[in-house]
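Here's the structure, in structure tokens; my notes come after.
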Amino acid sequence: MKISLEQFDKAFENRLRLQIMSVLVANDRYDFNSLKELLNATDGNLASHLKALEKEEYIIVNKSFIGRKPNTQYTTSEKGRTAFKKHLEALENLIKQQHK
């Protein structure tokens with residue numbers, strides 16, 4: 001049986017982007033340092049993948065200060081939640097096809 005890859009979102013092909021979206025969908029918001037620690041990512045690697053998700057308009061970036069320290073919070077956009085849900089459904093369908 002041929003598997004259609006059109007249902008998969010290229011933005012989520014990378015493991016770290018998939019993890020970022022998983023965390024953000026499961027939580028209201030997450031800050032950069034907490035994401036970095038949770039996902040065991042470097043600053044540069046995490047920043048580049050967050051930027052890619054922001055470019056797709058899948059996440060919303062909120063920058064503020066806590067005292068004198070900058071704080072960057074991330075949340076999913078409605079577009080991002082929908083795209084992530086569709087990607088997960090495509091993965092589930094792929095798995096189901098393999099077990100027929």
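The values are calculated or read from the model by the stated rules, or taken from the named source; none is laboratory data. Model, not experiment: these values are computed from the prediction. Cβ sites come from the backbone with ideal geometry, for glycine too, and all protein chains shown count toward neighbours. Just so you know, the surface numbers come from the protein's heavy atoms only, side chains and all, with ligands and any DNA or RNA stripped out. Shrake-Rupley method; radii C 1.70, N 1.55, O 1.52, S 1.80 Å.
Contact map, the stretch 44-67: residues that are farther than 16 Å from residue 24 by Cα paired with residues that are acidic (Asp, Glu) and surrounded by 17 or more Cβ atoms within 10 Å (Cβ to Cβ), Cβ distance under 7 Å, separation 6+ or inter-chain. No pairs are found.
One residue alone among 51, 63, 36 is in contact with a strand residue (DSSP E or B) (Cβ under 7 Å, 6 or more places away or on another chain) and charged (D, E, K, R), and that residue is 63. Within the stretch 19-65, the residues that satisfy the criterion of being touching a helix residue (DSSP H, G or I) at 6+ places or on another chain (Cβ under 9 Å), open to solvent by 50 Å² or more (accessible area, probe 1.4 Å) and hydrophobic (A, V, I, L, M, F, W, C) are 25, 38, 60. Within the stretch 68-84, the residues that satisfy the criterion of being without any contact (Cβ under 8 Å) to a residue 40 or more places away in the chain and of a type in the set (D, E, K, R) are 68, 69, 78, 79. Which of the residues spanning the stretch 3-16 are modelled with pLDDT of 85 or more, open to solvent by less than 100 Å² (accessible area, probe 1.4 Å) and part of a loop (DSSP other than H, G, I, E, B)? The answer is 8, 9, 14. Of the residues 57, 89, the single one that is acidic (Asp, Glu) and in a loop (DSSP other than H, G, I, E, B) is 57. Number of residues in the stretch 66-78 that are in a strand (DSSP E or B), under 22 Å from residue 89 (Cβ atoms) and open to solvent by 60 Å² or more (accessible area, probe 1.4 Å) equals 0. Among all residues of the stretch 17-28, there is none that is assigned to a strand (DSSP E or B) and basic (Lys, Arg).
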